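Since the structure comes first, as structure tokens, the remarks are kept for the end.
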Amino acid sequence: MAGFNLDGIERMMVFGAHPDDEIIGPGGSIHGHHERGGQVAVVTFTGGGTAAASPAAMDAMIEQRRREMKAADDILGVDTRYLLQVPSQQVYGAVMGSVPVYDRDAPGNQLTLHHKLIRLIREYQPDLIFTHSPDNHRDHCGIALITSQSVFQASEAILDHLGEPHNASLVLHYSVERELEGDYSSNLVLEIGQADLDAKMTAMETQVSQTRGDYLQHFKDMMQGRALLWGAKHFGAGRYAEPFHVSGNTPIRIALGR
């Protein structure tokens, strides 16, 4: 396991199934990147409406979570937020093509999710993409599945109507509920500072819609513990870090000095 830094990374894009996933996963790295003058875009696939207590309350929940997203963006330093409007818990269906993704510029106002992601990657031109790893949430698994396909085809000289090809040189998978394991075990660690961890925790506290039971405190404790564990393990006592998995489709390239 080796440390890594973001030198040379200017534009970062984060895929998140739900409005708080980018906080739980790479929230500290987002803040640190912003503080160093970098740009950050978050792609939120669903509105998180199923956090509501009943189907009748889902629209109000989606609106509340949009306000919470804005508050978190201000804290972490997110410049751009794309909302894909996939219904919560139906991302896997969108990956498989059975759930449409709406787009004001698309013929008939809808695109496949795969094509939508290609367009967004080509439009924003990120150097680095953070995305989900598979876990026990169907939405997360769907995004983990489609990311490598969309990143690869965004770089190909095809589908000209979706923009100019762009190669996102690095894709990192992050964990939300479960630690990275198996084929997605952590093999890259990003150190974050105290200010980055503080911003991450403060951003999570804006998610007041997520106070059912001990949900919010559960994630705050997990985020704090994860940052302490990975920081101490790889950088020393009193240091903080976030763990990721480097996608095998976008290996780190190390050139010989000439």
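The values are calculated or read from the model by the stated rules, or taken from the named source; none is laboratory data. Quantities reported herein were computed from a predicted structural model and do not represent experimental measurements. Here Cβ is always computed from backbone atoms with ideal geometry, including for glycine, and neighbour counts include all displayed protein chains.
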Checklist entry - Quick check, is His140 modelled with pLDDT of 85 or more, crowded, with 18+ Cβ neighbours inside 10 Å, more than 15 Å from the chain's Cα centre (by Cα) and not in a strand (DSSP E or B)? => result no
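Quick one: which residue in Leu162, Leu145, Leu128 is without any contact (Cβ under 8 Å) to a residue 60 or more places away in the chain, surrounded by 18 or more Cβ atoms within 10 Å (Cβ to Cβ) and not β-branched (Val, Ile, Thr)?
It is Leu162.
Look through Gly236, Gly225 and report the one residue that is small (Gly, Ala, Ser), surrounded by fewer than 19 Cβ atoms within 10 Å (Cβ to Cβ) and over 15 Å from Ile24 (Cα atoms). Please lay out each step first, then the result.
On the way: Gly225 fails: over 15 Å from Ile24 (Cα atoms).
Of Gly236, Gly225, the one residue that is small (Gly, Ala, Ser), surrounded by fewer than 19 Cβ atoms within 10 Å (Cβ to Cβ) and over 15 Å from Ile24 (Cα atoms) is Gly236.
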Next on the checklist: Filter region 183-208 down to the residues that are assigned to a helix (DSSP H, G or I), at pLDDT below 95 and in contact with a Leu (Cβ under 9 Å, 6 or more places away or on another chain) and list them by number.
Outcome noted: Met204, Glu205, Val208
Item to check | Qualifying positions in region 196-218 - more than 17 Å from His33 (Cα to Cα), touching an Asp or Glu at 6+ places or on another chain (Cβ under 8 Å) and either in contact (Cβ under 8 Å) with a residue 24 or more places away in the chain or acidic (Asp, Glu) (or both) | outcome: Met204, Thr206, Gln207, Val208, Ser209, Gln210
Item to check | region 25-41, residues that are closer than 15 Å to Leu190 by Cβ, hydrophobic (A, V, I, L, M, F, W, C) and surrounded by fewer than 24 Cβ atoms within 10 Å (Cβ to Cβ) | outcome: none
